[in-house]
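The values are calculated or read from the model by the stated rules, or taken from the named source; none is laboratory data. This is a predicted model, so every value here is computed, not measured. Heads up, the Cβs are rebuilt from the backbone with ideal geometry, glycines too, and the neighbour counts pull from every protein chain shown. Keep in mind that these areas ignore ligands, DNA and RNA; they rest on the heavy atoms of the full protein, side chains included. Shrake-Rupley method; radii C 1.70, N 1.55, O 1.52, S 1.80 Å.
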Amino acid sequence: MKHGQNPNWFANSPLLRINIEEDQSAFVAERLKDPDSLVIPLWRGDPLVSGGKAAFLSAAALSEFPKVAPVALLGVMDGKAYFGVDVSAAPAPDAAPFADIGEYMNLRMAAGALPRDDIAIIGHARWLFEWHRTHLHCANCGAATDTGPSGAKRICPACETEHFPRTNPVAIVLAIHDDACLMGRGHNFPPGFVSALAGFVEAGETPEECARRELFEEAGVVIDNVQYLFSQPWPFTCSLMMGFIAEAQSRDITVDTDELAEARWIGKPDILAVLGGEERDFFLPPKFTIARQLIERWVRP
Ligand SMILES: [Zn+2]
C-alpha cells in the first residue's frame, strides 16, 4: 500500500512539516512572496475546488487580496511551500475571495471527490483554522491572543504564553462477537446510518479505558482484548480518532437512549454484501471515516 499501514484519508499528508516551535516568520514572509508557493483557500473549512481538483493557487494570487487572512504554513513538497488561507470573513462562499475560480465545496463532499493527498493537506488546513477560531483567548490569563507567524500557534501578548494546537483524543471501537460487529446510530443521523461507537478520552484516562467505558455506557456491552489499529486526524472537531477493535463478551445490548437512537449487531455477510454494492437496511460510513476503515480491516484483513 502506497500509504503504508494507515489507510485513513485524512492521514498521510505528503507535505514535509516545518518545525513550529522555531520562529518561522522570515521563512513564511519569503515563501509568501514566492509565486511558486501554493495556497489553498478555505471558506469556513470548505476548500476551493475547480475542475474536480483542489484549487491550489500561486501565492501571487494573494496580492490581489492583501487583506485576506489568516494564512497558515502547512509544509513543503518538491521545494514548494504550501499554505492554507482562511477566507471565512466573507458572509457567503460565493462572495469569498477566489470564488470566480471555482466553488467552495463542503469538505465531506470534497473528501469523497478529491485525490487523497489533497484531502490530507486540506484536512490539516481546516483543522488549524478551526482550532484558531475556537482559541481566540489565552487559556492562562484570558487576554486576546495573536496568530503566530506561521499560523501554527497562538501567542498571548499579555502573559507571553505560547499556545500550540490542542488535539482532542477520541477512542472509536469496532466491537466484534463471532461474525458480527456492533454498530450504533446517533440521534442526529437518519435511520440506517450506523457507525462504530466512539467517545472523547476523559481526564486521567487511557484510550483503551475510554473504549471500554464508552461501549458499556452507550450500549451496555463489555469488551475484552482492546487492540489499537490506527488513527486519523479529524478536522471537523480538532480530534485525533484512535481506532480500536475489541471482543465483546456477549451480544446483550442495553442502549443508553440519551446517547444513541439504536445499537445493533450486523453480520459480516451483510457488510460484505453492502461493500459489494447490494442493499440492506443500513449504510456503511463513508470511506473517509475511520469507522469505515475499521470495518474494512475487519472484513478484509
Ligand atoms: Zn495570557
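What number of residues within segment 287-300 are assigned to a loop (DSSP other than H, G, I, E, B) and either small (Gly, Ala, Ser) or surrounded by fewer than 15 Cβ atoms within 10 Å (Cβ to Cβ) (or both)? Spell out the reasoning first.
Initially, segment 287-300 is screened for residues assigned to a loop (DSSP other than H, G, I, E, B), giving 287-289, 300.
Filter again for either small (Gly, Ala, Ser) or surrounded by fewer than 15 Cβ atoms within 10 Å (Cβ to Cβ) (or both), leaving 287, 300.
Total meeting the criteria: 2.
Go through (1) open to solvent by 50 Å² or more (accessible area, probe 1.4 Å); (2) more than 30 Å from residue 31 (Cα to Cα); (3) more than 16 Å from the ligand (Cβ to nearest atom) for residue 140 and report which single condition fails.
For residue 140, the exception is condition (3).
Can you tell me which residue in segment 144-167 is nearest to the ligand (Cβ to nearest atom), limited to those that are open to solvent by less than 30 Å² (accessible area, probe 1.4 Å) and in a loop (DSSP other than H, G, I, E, B)?
So the first thing to find is which residues in segment 144-167 are open to solvent by less than 30 Å² (accessible area, probe 1.4 Å), and the list is 145, 148, 150-154, 156.
Filter once more, keeping what is in a loop (DSSP other than H, G, I, E, B): 145, 148, 150-153, 156.
Details: 145: 7, 148: 14, 150: 20, 151: 19, 152: 18, 153: 13, 156: 3 Å.
In this case the residue turns out to be 156.
Could you list all residues from segment 45-62 that are in contact (Cβ under 8 Å) with a residue 60 or more places away in the chain, buried (at least 18 other Cβ atoms within 10 Å of the Cβ) and in contact with a Pro (Cβ under 9 Å, 6 or more places away or on another chain)?
Hits for segment 45-62 are 45, 46, 47, 54.
Within segment 271-279, is there a residue that is within 13 Å of residue 194 (Cβ to Cβ), of a type in the set (Val, Ile, Thr) and either open to solvent by less than 20 Å² (accessible area, probe 1.4 Å) or in a loop (DSSP other than H, G, I, E, B) (or both)? So that I can check it myself, show each step before the final result.
Within segment 271-279, the subset within 13 Å of residue 194 (Cβ to Cβ) is 271, 274.
Subset that is of a type in the set (Val, Ile, Thr): 271, 274.
With either open to solvent by less than 20 Å² (accessible area, probe 1.4 Å) or in a loop (DSSP other than H, G, I, E, B) (or both) added as a condition, the list becomes 271.
Checked against the condition, which is being within 13 Å of residue 194 (Cβ to Cβ), of a type in the set (Val, Ile, Thr) and either open to solvent by less than 20 Å² (accessible area, probe 1.4 Å) or in a loop (DSSP other than H, G, I, E, B) (or both), segment 271-279 yields at least one hit.
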